[in-house]
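Single-structure report; data block below.
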Amino acid sequence: MGRAKHEDGQSEPLQRRAKLGEGRRRERELRIRVSDQKYKEIHQAATQVGLACSAFVVRTVRTAIREQRPLDGALAAVHADLRNASRQVNAVGVNLNQLVRHANTHNEVSDSLPWLAAYCFQVVRRAEAVIVELGRHLP
């Protein structure tokens, strides 16, 4: 295993990509040829950030792919709509909380109140999950 050297002369193991676990292996191998100079540049850059060369190359390529992906205006609009919907559902949740407080104060609970509460929380959780996932695809 390679080691990263610090300015003070100390060294530490390079970070490698995480194992897949459960006996799984990466199925594809990508082989490239580079000049001695390019290899030296890649190796030096990888070592500076504490990564093995393969982990550094994979991270760099994946970053470049994400940055080259044009931002779809429709995707950004959907993301904004979801954020707005989340705010609105949250406001409904606040109102629902007020209804529950009223029900507790006056000992009057509508049969639909528990169902509405469960539905509201379910929608909020799902909307938030979609927003997080969609946000991962935006620059």
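The values are calculated or read from the model by the stated rules, or taken from the named source; none is laboratory data. Not measured: the values here are computed from a predicted model. Note that we place each Cβ from the backbone using ideal geometry, even for glycine, and neighbour counts take in every protein chain shown.
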Next item on the list: Would you be able to tell me the number of residues in segment 25-74 that are surrounded by fewer than 10 Cβ atoms within 10 Å (Cβ to Cβ), in a helix (DSSP H, G or I) and at pLDDT below 80?
Entry: 5
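Residues 97, 104: which one is polar (S, T, N, Q), assigned to a helix (DSSP H, G or I), within 30 Å of residue 134 (Cβ to Cβ) and more than 25 Å from the chain's Cα centre (by Cα)? Step through it out loud before you land on a result.
On the way: 104 fails: within 30 Å of residue 134 (Cβ to Cβ).
Testing whether each residue is polar (S, T, N, Q), assigned to a helix (DSSP H, G or I), within 30 Å of residue 134 (Cβ to Cβ) and more than 25 Å from the chain's Cα centre (by Cα) leaves just 97.
Residues of segment 79-89 being surrounded by 14 or more Cβ atoms within 10 Å (Cβ to Cβ) and not charged (D, E, K, R), which ones? If you could, list the steps in order and put the result at the bottom.
Narrowing segment 79-89 to residues surrounded by 14 or more Cβ atoms within 10 Å (Cβ to Cβ): 79, 82-83, 85-86, 89.
Those that are surrounded by 14 or more Cβ atoms within 10 Å (Cβ to Cβ) and not charged (D, E, K, R): 79, 82, 85, 86, 89.
Go through segment 117-136 residue by residue and tally those that are free of Cβ contacts under 8 Å to residues at least 24 places away in the same chain and exposed (fewer than 15 other Cβ atoms within 10 Å of the Cβ). I'd like the intermediate steps shown before the answer.
Filtering segment 117-136 down to residues free of Cβ contacts under 8 Å to residues at least 24 places away in the same chain leaves 117-119, 122, 125-126, 129, 132-133, 136.
Narrowing the set further to residues that are exposed (fewer than 15 other Cβ atoms within 10 Å of the Cβ) leaves 118-119, 122, 125-126, 129, 132-133, 136.
The qualifying residues number 9.
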Next item on the list: Out of the residues in segment 107-121 that are under 32 Å from the mean Cα position of the chain (by Cα) and small (Gly, Ala, Ser), state the one that is modelled with the highest pLDDT.
Entry: 118
Item checked: Tally, over segment 98-129, of residues that are more than 29 Å from residue 82 (Cβ to Cβ) and among the β-branched types (Val, Ile, Thr) -> 2
